[in-house]
Amino acid sequence: MKAGVLGIVDGTFDVVDSYTETVTADGAELDRCLEIDRVFSLPSGDMAFAGRAAAETRTDRPTTTIESGAIHVTERPRIDTKYTEFVGVPGEFVAVDSGDGTFAFDLIGAETDTSIERATLDLDGFFAARESATPWKAGFHGTGDNGMNGIFHGEDLRTSHDMDGLLANSSLNQVGLTYEYAGADVKMTGSRSGYVEIYRPSEFDSGQYLTYLREEIRPYVR
């Protein structure tokens, strides 16, 4: 796993176990399942875990019928199942594979008696601390009268755009950088809403991804 939405743990735990439960919502019985597929060591020797989660949800979907020459639209309940994969470091953080998978934060939090909240990243600080990095993507949100809203892509935005001028009245909500990290040429992207993806090196595994999140991203969580 090399991409995901980061959730920060409020509390402590050493292990997380698999479990299945049934909850009742709006008169429907819904199943939820958390599976820990493996426990492994990070390059530092610290423990990490990987697994999957699924949860049934009740939604009302419109159903259209023609009766006696008239169109009728009614809401009928339907059970859908959400699914996600995740990796994490006990007592520190968890990453789920997409924004739709953040329901796993609640399942892991319930099993470990902690709270896990989706991270908000300080991309301005992250970018400012990496002056030698090459920005290939930048999304801006205006914070002043002359602020810029939009997304730029390019080989090197430092040479094609006035990044300092843009950041004077705007804040980053997306950024893509290439730079050297731990002896590797890393190409990454991150969003203010906590999504971080590693495009290169392609051989990065889950342990290296978690180490990258811990060392490079975690200090910029607001």
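The values are calculated or read from the model by the stated rules, or taken from the named source; none is laboratory data. Remember, predicted model here, so these are calculated numbers, not experimental data. Cβ atoms come from the backbone with ideal geometry, glycine included; neighbour counts cover every protein chain shown. Surface accessibility is based on the protein's heavy atoms, side chains included, excluding ligands, DNA and RNA. Shrake-Rupley method; radii C 1.70, N 1.55, O 1.52, S 1.80 Å.
Summary table below
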item	result
Label-point separation in nm, D164 to R38, each point 7 Å along Cα→Cβ	4.7
Cα centroid of region 1-29 to Cα centroid of region 100-138, whole Å	17
Length gained when the stretch D26-D10 is fully extended (0.36 nm per residue, less Cα-Cα span)	2.8 nm
Per residue accessible area in Å² of region 167-222, where ligands, DNA and RNA are left out and the probe is 1.4 Å	43
Tensor-based shape of region 30-155 (alpha-carbon gyration tensor, a/c under 1.5 rounded, otherwise prolate or oblate)	oblate
Cross-link reach list, lysines versus K137, counting only Cα pairs under 29 Å and skipping chain neighbours closer than eight places	K2, K187
Value of [θ]222 nm, deg cm²/dmol, for the chain, DSSP H segments ≥ 4, -39500 (n - 2.57) each, nearest 500	-3500 deg cm²/dmol
Accessible surface of region 1-142, 1.4 Å probe, proportion on carbon and sulfur as whole %	44
The chain: C-alpha gyration tensor shape, a/c 1.5 cut-off, then a/b vs b/c	oblate
Gained length - E67 relative to I79, 0.36 nm times residue gap less alpha-carbon distance	1.7 nm
Which of T84, Q208, S160, positive extreme of dipole for the chain (C-beta unit charges)	S160
R0 of 25 Å, Cβ-Cβ distance D17-V221: FRET efficiency to nearest 0.05	0.45
Charge dipole magnitude, Cβ of K and R +1, D and E -1 - the chain, Cα centre, debye nearest 20	460
Accessible area expressed per residue, region 68-164, with surrounding protein chains retained (probe 1.4 Å, Å²)	54
